[in-house]
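One structure below.
The values are calculated or read from the model by the stated rules, or taken from the named source; none is laboratory data. Since the model is a prediction, treat every value here as computed from it, not as a measurement. Here the Cβ is made from the backbone with ideal geometry for all residues, glycine too, and neighbour counts use every protein chain on show. Protein only, heavy atoms only, side chains kept; ligands, DNA and RNA dropped before computing areas. Shrake-Rupley method; radii C 1.70, N 1.55, O 1.52, S 1.80 Å.
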Amino acid sequence: RTSGQIADRRGLLWGIHQEMEVIKRNRLGLGFIASLWLKKQWPSNPSSKSLPGRCQTTVVVTNVGRSFGTSPLRSPDGEFSTGNLRLDSITMLAPMTPFLSAALTINEYAGELCLALRYDSRVLQKDAARELLERIVASLMEWLGESADSAKA
């Protein structure tokens, strides 16, 4: 995203929502994973496999969606269970790549939304990373409140 796209918060959220709808509707998530695998298999010159010398992506946001959403092992309350074992919660983490400052992963499990932030401690100090995550949560809560209010109107 460019700084102009980020400045228009509502437009940014709407654009992301629209992109995610296209990805879900056309099942492009698996296509992206397949393209990464294919790129890894593709013959290339050895020097191109070296690490990049600069930042190519600053922040990544990954929306995994509902965890185990279609599993036959899901209980009625949405938890993954088998026999006497039950998974109470799950945290998913996006991979970190060289020069990536932060990776935010969003997933839903048993009706609860989970956000996890990984960050490069050379770029963000622990307190700054915590503040970033708190601001993201506050913004999401505000946006969800606004969405609920507009749905009632």
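Of the numbered criteria (1) in contact (Cβ under 8 Å) with a residue 40 or more places away in the chain; (2) among the hydrophobic types (A, V, I, L, M, F, W, C); (3) assigned to a loop (DSSP other than H, G, I, E, B), the one Leu104 fails is (3).
Residues in segment 60-92 that are touching a strand residue (DSSP E or B) at 6+ places or on another chain (Cβ under 9 Å) and either of a type in the set (Phe, Trp, Tyr) or not in a loop (DSSP other than H, G, I, E, B) (or both): Val60, Val61, Thr62, Asn63, Val64, Gly65, Arg66, Phe68, Arg74, Phe80, Ser81, Arg86. What's the total number of residues in segment 105-123 that are among the charged types (D, E, K, R), open to solvent by 70 Å² or more (accessible area, probe 1.4 Å) and within 27 Å of Met141 (Cα to Cα)? Residues meeting the conditions: 2. Among the conditions (1) small (Gly, Ala, Ser); (2) more than 18 Å from Leu12 (Cβ to Cβ); (3) surrounded by 15 or more Cβ atoms within 10 Å (Cβ to Cβ), Ala102 misses just one, which is (2). Looking across segment 69-97 at every residue that is in contact with a Leu (Cβ under 8 Å, 6 or more places away or on another chain) and surrounded by 12 or more Cβ atoms within 10 Å (Cβ to Cβ), the one that is farthest from Arg25 (Cα to Cα) is identified as Ser81. Screening segment 67-92 for residues that are modelled with pLDDT of 85 or more and among the charged types (D, E, K, R) and picking the one that is nearest to Ala116 (Cα to Cα) gives Asp88.
Beta carbons closer than 7 Å, at least 6 apart along the sequence or on distinct chains, never pair a first residue in segment 1-24 that is surrounded by 10 or more Cβ atoms within 10 Å (Cβ to Cβ) and at pLDDT 85 or above with a second that is part of a helix (DSSP H, G or I) and β-branched (Val, Ile, Thr).
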